[in-house]
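Visitor: Sharing a structure below in structure tokens format, with a few things to ask.
Read-outs: derived from the displayed coordinates by stated rules, not from any lab. Just so it is clear, the structure is predicted and the values come from calculations on it, not from any experiment. Here the Cβ is made from the backbone with ideal geometry for all residues, glycine too, and neighbour counts use every protein chain on show.
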């Protein structure tokens with residue numbers, strides 16, 4: 001957690017206790033906890049949206065690739081038919 005050891009956290013908590021007092025400290029702790037929870041929720045939502053957009057992009061790319069492959073096969077079969085017609089006409 002941010003590279004802080006237990007000694008550093010103890011010093012920070014002691015300073016916070018001196019600054020805010022014992023009555024305000026639990027309230028501040030709850031507020032910070034709620035803010036951190038909201039931040040985590042928002043970041044997870046953002047991550048999910050990015051993953052969903054990436055999946056949709058992959059799906060679109062695959063569909064385009066399949067479509068171009070199918071068009072290539074149709075064009076190739078048309079060329080083959082024309083070549084067979086030339087051979088039979090000889």
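Visitor: If I model a spin label at residue 56 and residue 23 as a point 7 Å from the Cα along the Cα→Cβ vector, what separation in nanometres do I get?
Guide: Taking the two extended label points, one gets 5.2 nm.
Visitor: Hey, another quick one. Once the piece of chain linking residue 49 and residue 35 is laid out straight, how much longer is it, given 0.36 nm per residue of separation minus the C-alpha distance between them?
Guide: So the extension gain works out to 2.9 nm.
Visitor: Let me ask something additional. If you take the square roots of the eigenvalues of the alpha-carbon gyration tensor of the stretch 1-70 and sort them as a ≥ b ≥ c, do you get rounded (a/c under 1.5), prolate (a/b over b/c) or oblate?
Guide: Note, shape of the stretch 1-70 comes out prolate.
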